[in-house]
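The values are calculated or read from the model by the stated rules, or taken from the named source; none is laboratory data. Note that the coordinates shown come from a computational prediction; the quantities given were computed from them, not determined experimentally. Cβ placement follows ideal geometry from the backbone for every residue including glycine, while neighbour counts extend to all protein chains displayed.
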Amino acid sequence: MLLLMFLILHLYLQVLVTASSSSSEEDGSSERDDGEHSKGSSHQHQWGYHDQERWLSAFEHCRGKSQSPINIDTRKVFYEPRLPAIQLEGYDLTGSPALTLFNNGHTLQLSLPSSMRIVTGFDHVYVAAQLHFHWGTTADPGSEHTVDKVHFPAEIHVVHYNSKYANLIEAASKADGLAVLGGFIGIGLHENDNYEKILSALKDISKEESNTEIPGFNVRHLLPNSLEGFYRYAGSLTTPPCFQTVSWTLFNDSIRVSRRQLAALEDSLKTEHNKLLSKNFRAPQLLHGRKVLTSFRTASTTGKAREAPRLETHGSGVMKTSGAKWHILAITFGVLFAVTLLVFSMYTYRQKKKYSKFKKDSKQNVIYKPAAKDTDPTSVTVT
Ligand SMILES: *[C@@H]1O[C@H](CO)[C@@H](O)[C@H](O)[C@H]1NC(C)=O
Ligand SMILES: [Zn+2]
């Protein structure tokens, strides 16, 4: 009886060792991919939107508990009347100096002068650095944040850093380093003349890593008309290295561009290997107990909550994912049970085989697993 238990335990260990050695082989091959991608190119190409799972193993902060984007469940937000209003300064730029518009392979980015600031809304003044966009395809709307599980077609992020730090890179890793203003972009009946100032230049930067200059203009007009109603929560960069240093402000009022303009954003830019740059949005992340505050009374406090009937059938993303946790636990126990049965039947089948044979086999399966690569602090992209 004792021998039986010992053999079962040993086989368990062997199964575990085999499983971990095959997963370390996967790690190895993905690192080789990285090497090929970054050859003759910049650090930014070490990650992509098609394999967001891999961000978790390559960038430790991406595994944190305050990640972005999130789904905003409007039934679960907290009205906070003391949230100070957002006041912007210096957004009304003149034609010169010109602004640089850049296709960095992950997004369309406009660099902004440090004269642009958020002067009230936070404990410190926050200085603008750049703005950029996230989008999907005509069939697959690509905002990063969702409201009651619904994606908007696109999302604008205006990235600011705390004026107590010297620059964006220094601030990006500090707890109070960043404030990002986010706006949802939807489809309207009319052309949006302000967005056209950016979108009309896309044909000049279709190639990855290319840039162009556009005349300065009133950047305030890229944001929604009303900045009064917004959601606020503590989150992260939505791209590696996923630093959890962003105070997020997402405006309730949305921006409208024409169908043609949205298509221009979705269809103009190319990324590596001349592929279309689209679907550059990260999947919603778990809240892990974080609270989403609002500066305005929501529908749920005044009556019926917003509806999203088509998506409601799938449940909320947050619930779905924590439900998945239990699912994994159940499967794990199921597998353990099955393995026990298998092991027992294997034992009865191979009773005659000697213990030393098992030992020899298991040794051959042990493969050294190297420690995971860590974040390169010089390769911070903030998107
Ligand atoms: C928030 O947005 C919704 C949907 O666009 C709108 O109906 C509502 O009036 C807005 N509330 C505030 C306070 O801006
Ligand atoms: Zn972004």
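For the stretch 125-172, the set of residues classified as away from ligand 2 (no atom under 16 Å from the Cβ) and either in a strand (DSSP E or B) or of a type in the set (Ser, Thr, Tyr) (or both) consists of 127, 137, 138, 147, 150, 162, 163, 165, listed by residue number. Annotation note: of 182, 229, 216, the sole residue that is within 16 Å of ligand 1 (Cβ to nearest atom) and either closer than 24 Å to residue 269 by Cβ or surrounded by 20 or more Cβ atoms within 10 Å (Cβ to Cβ) (or both) is 182.
One residue alone among 237, 250 is at negative phi, buried (at least 21 other Cβ atoms within 10 Å of the Cβ) and not in a loop (DSSP other than H, G, I, E, B), and that residue is 250. Looking at 194, 218, 225, 252, just one residue is under 21 Å from the mean Cα position of the chain (by Cα) and closer than 27 Å to residue 125 by Cβ, and that residue is 252. Among residues that are of a type in the set (A, V, I, L, M), modelled with pLDDT under 95, over 21 Å from the mean Cα position of the chain (by Cα) and farther than 30 Å from residue 272 by Cα, residue 88 is not included.
Looking at residue 272, is it within 16 Å of ligand 1 (Cβ to nearest atom), of a type in the set (Asp, Glu) and in contact (Cβ under 8 Å) with a residue 60 or more places away in the chain? Considered against the rule, which asks whether it is within 16 Å of ligand 1 (Cβ to nearest atom), of a type in the set (Asp, Glu) and in contact (Cβ under 8 Å) with a residue 60 or more places away in the chain, residue 272 comes out as no.
In this entry, residue 210 is excluded by the filter for residues that are at pLDDT 95 or above, over 23 Å from residue 191 (Cβ atoms) and within 16 Å of the chain's Cα centre (by Cα). Taking the conditions (1) within 16 Å of ligand 2 (Cβ to nearest atom); (2) farther than 19 Å from residue 184 by Cα; (3) not aromatic (Phe, Trp, Tyr) in turn, residue 270 satisfies each one other than (1).
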